[in-house]
Number of protein chains: 2
Amino acid sequence: MTQQKFPAQDAAKFSKFEPLIEAYKKEAVAQMQQFDPAFYEKCIATIPSENELDTEPIDARQFLKLLSDEEASIVNDLTIADLTRKQLEGELTAAVITKAFIKAAIIAQLATNCVMQFLIPEALARAQELDEYLKENKKLVGPLHGVVVSLKEHMNFKGKITTASYVAYLENVPDNEAVSITILRKLGAVFHTRTAQPQGIMHLDTWNNITGRTRNPLSTRLSPGGSSGGESAMVAMHGSIIGQGSDIGGSIRAPAAFTDIFGIRPTTKRISLLNGLSSGKGQESIVAVQGPLARSIDELDAYMRAYINEGQPWTYDPNCIPIAWREPNLPPKIKIGVLYDDNLVTPFPAVTRAIRETVAKLSKNPGFEIINLKPSWFSEEEMLDIYTANLKLYTCDGNEIQLSMWTPSGEPLLPLTEHYMKFGGGKKLSIYENRMLNAQRDALKLQVQQKYFSELDFILSPTYNGPSEIPGESLYWGYTSFWNLLDYPNVTFPVNVAHDKETDAGIPELKKNEYEKMVWYKENGDVKYDPQSYIGGPVALQLTGKRFCDEDVVAATKEIISVLGVERR
Amino acid sequence: MTQQKFPAQDAAKFSKFEPLIEAYKKEAVAQMQQFDPAFYEKCIATIPSENELDTEPIDARQFLKLLSDEEASIVNDLTIADLTRKQLEGELTAAVITKAFIKAAIIAQLATNCVMQFLIPEALARAQELDEYLKENKKLVGPLHGVVVSLKEHMNFKGKITTASYVAYLENVPDNEAVSITILRKLGAVFHTRTAQPQGIMHLDTWNNITGRTRNPLSTRLSPGGSSGGESAMVAMHGSIIGQGSDIGGSIRAPAAFTDIFGIRPTTKRISLLNGLSSGKGQESIVAVQGPLARSIDELDAYMRAYINEGQPWTYDPNCIPIAWREPNLPPKIKIGVLYDDNLVTPFPAVTRAIRETVAKLSKNPGFEIINLKPSWFSEEEMLDIYTANLKLYTCDGNEIQLSMWTPSGEPLLPLTEHYMKFGGGKKLSIYENRMLNAQRDALKLQVQQKYFSELDFILSPTYNGPSEIPGESLYWGYTSFWNLLDYPNVTFPVNVAHDKETDAGIPELKKNEYEKMVWYKENGDVKYDPQSYIGGPVALQLTGKRFCDEDVVAATKEIISVLGVERR
């Protein structure tokens, strides 16, 4: 990638922020140490060095052995439903649960660097409050009573530094709170960590100038995906039972896929985005969403139901639509269109294998009818036009808002940031041009409804062109961003397939378009793909449904994984 | 108003379109003549000259006497429910109903010039088809079986010239159909006319370069409002039983108010906008809506229920939200905040009198609690800022899309068009500036929810700063556009008050801001308001409710008009 200097970067300015960065990181370390100094020492002694984690394909979940048996059982074996039931029955307290998850979160942090800010004292106080409530009232506060939830850091947390990974915001302390946090708290959740996102919140990777790079729990030298990669690493490490991420181009789904867990990108305006920090202010061409990541689809379902039906986000946020999380409505035979390849960027062999194996299993099951979308999907030329329009919409303000958030700190721009800034040319468009792109988007949204969803119930496709990506190499967003552009809901789910360096070594027939070249080739024209690089990287698939039929996408995912034999992670 | 030349205007180019205009208008006359030559001659002989209608305060509804008793009974006395029931019971046929409404529409056209295009042959054929269906199947096609609906012309009608009043589109024949038309047809509606809208569809008046000016049925020298002024004139003249208009700044509500009927501006995305012609393509800062105008609130209610619950617009249009038109949910005591004056433009005396009289009646009724919003409403300074932002959002593309639609014909720009083009400065803003205005809008939307709708059920306010306006003088949009900006639903309804040239002659205490000056003063500083000008002009009020609670706004309007004794018009 050509290095290009943007006006934001200014080493002299940035150096003045370095003490703030140090203080911010020190605070996280201090909280871990203070919580349980002996445990912390044991972790440090056991978990390999940063250098080793960064260069070896280490499965960091092994370090959960640092927990006691009781702690391990809480974070590994109990679902949200189990945890709440056991509290109600007096078998567990919120305090015990919270402490177990704090320990797991410390392990997660030391192995994957997924945390930006710990909230340990707050979590302990909250757990005590919940225990007292239960004792006095003989009932739970709500369906997430004592459930330990991690939060993507860019959601405003009242009274706490909120940076969204912008160095310039290291002294930003919001006096309001993300509506999602308010709702989750009302439902009984305990918050112990705020997790990392990449610079500008616009990489399918997680790397920023405050806390550095987050690692993939399944293979620490790989990326956990992004931008909700702090969340995915945390949840996959069992550091929290569920986490709230956000997605404007794949930022829930890529991390869920890269870490072999579940994630949902709901239809927009069902979950509140209110009170958060990002560059998305007033941008309506591609609307961001928040949504959960978890180790099972049942827990995603329960969370969405509780958040929407009991949380009623529209009572806090006038941009949310008052529709309940309803019972699903699946046909007796589920009709799934399969997109093996989007006709723009050929997936890596492990992905093609995963989708073929999945389709083979579903095809044998009488509950599914499978239709190959290859003959009817948009052509390479059409996809080129669609994806370029998609990218232009991300950068059509000429990155002016992003630059206004980077410039005050002079922070260096990371390679994936520079990559993002050049999306679609990265030029400042006129409002007229923006509107014409919106109109193109709307026409496409209609075409997809008429051409596919009139016949099909769901579309099954890759979540990403490869298994978990090499850090800094998540270049192509198309498999996920296509659905952000059009705002159809989807779920990413594991299919029990991981990259295999032998099986997945072959190079498929490749196309010649610019995006294929970007993903598959080096600048000198050699193929870049090296099966060695992806050791330990899982593959996940993506199921997309009709707009506002998020419930059905979740329900169909349950049916699919039941056929595949995919268990809670 | 200073005359300013915009590049769109080109007399030489325009002259080439004049034959198209003549042919277009001739077709409407020919349809009227051919339908019933004798009736047409009788109408021409009875209805005064255009000049007389334009200069005198004539109540054009008197010309309905040109109908036979049976025809008069159909168009004057029967509701949608009556019409469908009588067809089912064999007392009336769709053909008889349709013919009666065609005659009333001809009277409406000759008195108010509300029609752009007649669809008389299509309406007669459709009526016959419906009658045959009923005969064969012993049931109605749907809840609008045989109900004669007029359509604002900018909705695409397959195979028919569709201009949206842009001269350049006089040969535009769409090959698709507005989703709303598809839905209404499915419900059983008969379409006999497509009604006028102003140039650019952006006046609160109805005046264009194809069909000229539309008159107010209640006082023909006044404006019927706009931009759905063809609809309001048609419905108020009993030329159709209900009409579909659209609203981006007051375009359903101002015309409903000016003609003393009912109109609803629903929350966006409940009624489909798909397949129509306007300058709104891809514009998302202030989103347009379609909605009905009718002579009673019960008919608006029935129409919305049928359109949404049976029409299911989301199955055609992925931008529509799948929420049913539900049963209303009103509290035992309805809490209404009253905004007598928006603190920016002082209403004319008739409006102030209307709202005071209304509040006096409601205050005596135990079903209502009335709160004066004067002390808590936004200050004059805040409103100046809000309204200027609101106006900027209308023109922030520097009117580029509008100009691209006017320029090919070189059509002259009418005074209210030039007025509109200068809204908020009329300058081309950057995407960044557009987003910052969107963010300001979102903050305000939240503030209105938190500050007002947390306590109140509804807000009652003027629909417009005056009674029905003088043609070309509808300058201030604030009373309606405030709610388009924030997307809260409202209903405009009559309150049995009309301007009185003696009672409403006094000049209230006035403010000094630019919008107050624009409305109240001549350029030389004299007060412009002349009570003589508004003879025959009714006043209507506007009730606003919580987002997506359109059903409750309709239900509360029923309660209010029952107290006021407002009957079907």
(request) Go from 0 up to the bin containing the longest alpha carbon distance in region B:208-298, width 5 Å each, and give me the % of pairs per bin. (result) 3, 16, 25, 24, 18, 11, 5, 0
(message) Restricting things to Cα coordinates, could you compute the convex hull volume per residue of region B:334-564 in Å³?
(response) 143 Å³
(request) Enter the accessible area of B:Trp483 (Å², nearest 10), with the probe set to 1.4 Å and all protein chains included. (result) 10 Å²
(request) Once the label point is placed 7 Å from Cα along Cβ, list for B:Gln62 the distances to the corresponding points in the other copies, in nm, shortest first. (result) 9.8
(message) Per-residue Cβ counts within 10 Å, from other chains only, averaged over B:311-317: what number is that?
(response) 2
(message) Which positions within region A:543-558 get 10 Å² or more of their accessible surface covered by the other protein chains, compared to the chain by itself, with a 1.4 angstrom probe?
(response) A:Arg547, A:Phe548
(request) Leaving out ligands, DNA and RNA, calculate the buried accessible area for the pair A and B with a 1.4 Å probe, summed over both sides, in Å² to the nearest 100. (result) 3300 Å²
(message) Can you work out the Karplus-derived ³J(HN,Hα) for every residue in region B:441-449? Use 6.51 cos²θ - 1.76 cosθ + 1.60 with θ = phi - 60°, whole Hz, and x for glycine or proline.
(response) 4, 5, 5, 5, 4, 5, 4, 5, 5
(message) Assume the label is 7 Å from Cα along Cα to beta carbon: what separations in nm does B:Arg326 have to the matching positions in the other copies?
(response) 1.2
(request) Quick one: P(r) of region B:251-313 from all Cα-Cα pairs, 5 Å bins, percents rounded to integers, in order of increasing distance. (result) 3, 17, 24, 24, 18, 12, 2
(message) Residue by residue through region B:116-122, what is 3J(HN,Hα) from phi via Karplus (6.51 cos²θ - 1.76 cosθ + 1.60, θ = phi - 60°)? Round to whole Hz and write x for glycine and proline.
(response) 9, 9, 8, 10, 5, x, 5
(message) Give me the percent relative contact order of region A:284-414, please, defined on Cα pairs under 8 angstrom at least 6 residues apart.
(response) 22 percent
(message) Give me Rg/Rg_expected for region B:270-350, where Rg uses Cα atoms only and Rg_expected = 2.2 N^0.38 Å with N residues.
(response) 1.46
(message) Just to make sure I understand: if all protein chains stay in place, what is the order of B:Glu327, B:Glu559 by accessible area at 1.4 Å, largest first?
(response) B:Glu327, B:Glu559
(request) For A:Arg356, B:Arg126, B:Arg305, write out the residues from largest to smallest accessible area, computed with a 1.4 angstrom probe and no ligands counted. (result) A:Arg356, B:Arg305, B:Arg126
(request) Quick one: compute the contact order of chain B, relative version, from alpha carbon pairs under 8 angstrom and 6+ residues apart, as a percent. (result) 17 percent
(request) List the residue from chain B whose beta-carbon is nearest to the axis that rotates chain B onto chain A, together with that distance in whole Å. (result) B:Glu284, 2
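Using heavy-atom solvent-accessible surface (probe 1.4 Å) with all chains present, what is the largest-first order of B:Asp504, A:Asp59?
Details: B:Asp504 0, A:Asp59 55 Å².
Highest to lowest solvent-accessible surface, that is A:Asp59, B:Asp504.
At a threshold of 8 angstrom on Cα-Cα distance, excluding pairs fewer than six apart, so keeping six or more, what relative contact order does region A:334-564 reach in percent?
31 percent
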(message) Give the lysines whose C-alpha is closer than 21 Å to that of B:Lys428, dropping any in the same chain fewer than 8 places away, or say none.
(response) A:Lys281, A:Lys392, A:Lys427, A:Lys428, B:Lys5, B:Lys281, B:Lys392
(message) Quick one: 3J(HN,Hα) in Hz for region A:396-411, Karplus 6.51/-1.76/1.60 with θ = phi - 60°, rounded, Gly and Pro as x.
(response) 5, 7, x, 6, 4, 5, 4, 4, 5, 9, 8, 4, x, 9, x, 4
(request) May I ask you to order B:246-253, B:382-389 by the average number of other C-beta atoms within 10 Å around their residues, highest value first? (result) B:246-253, B:382-389
(message) Defining the label point at 7 Å along Cα→Cβ, can you sort the distances from A:Gly565 to the same site in each other copy, shortest first, in nm?
(response) 8.1
(request) For region B:12-315, state the average projected area of the convex hull of the C-alpha atoms over all orientations, rounded to one decimal in nm². (result) 15.0 nm²
(message) Rounded, prolate or oblate, given the Cα gyration tensor of chain A, with a/c below 1.5 counting as rounded?
(response) rounded
(request) Give me a single rounded figure for B:398-409: the average over its residues of other chain Cβ atoms within 10 Å of their Cβ. (result) 1
(message) Compute the distance from the alpha-carbon center of region B:146-223 to that of region B:453-479, in whole Å.
(response) 24 Å
(message) Can you classify region A:310-416 as rounded, prolate or oblate using the Cα gyration tensor, where a ≥ b ≥ c are the square roots of its eigenvalues, rounded means a/c under 1.5, and otherwise it's prolate if a/b beats b/c and oblate if not?
(response) oblate
(message) I need the Debye-formula profile for the protein assembly as shown: one equal scatterer per C-alpha, no solvent, reported as log10 I(q)/I(0) at q = 0.06, 0.07, 0.08 1/Å, two decimals.
(response) -0.52, -0.70, -0.89
(request) Return the carbon/sulfur percentage of the accessible area of region A:334-564, one whole number, probe 1.4 Å, all protein chains in place. (result) 51 percent
(request) Could you state the accessible area per residue of region B:403-477 in Å², with a 1.4 Å probe and every protein chain left in place? (result) 30 Å²
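Find out how many positive minus negative residues lie around B:Asn113, taking Lys and Arg as positive, Asp and Glu as negative, among other residues whose Cβ is under 11 Å from that of B:Asn113.
Charge balance near B:Asn113 sits at +1.
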(request) At 1.4 Å probe size, with no ligands or nucleic acids counted, give the accessible surface of B:Lys428 in Å², nearest ten. (result) 120 Å²
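The values are calculated or read from the model by the stated rules, or taken from the named source; none is laboratory data. Worth saying up front: this structure is predicted, and the values here are computed from it rather than measured. As a convention, Cβ positions derive from the backbone with ideal geometry for all residues, glycine included, and neighbour counts pool all protein chains shown. For the accessible areas, the whole protein counts, side chains as well, though only heavy atoms, and no ligand, DNA or RNA atoms are used. Shrake-Rupley method; radii C 1.70, N 1.55, O 1.52, S 1.80 Å.
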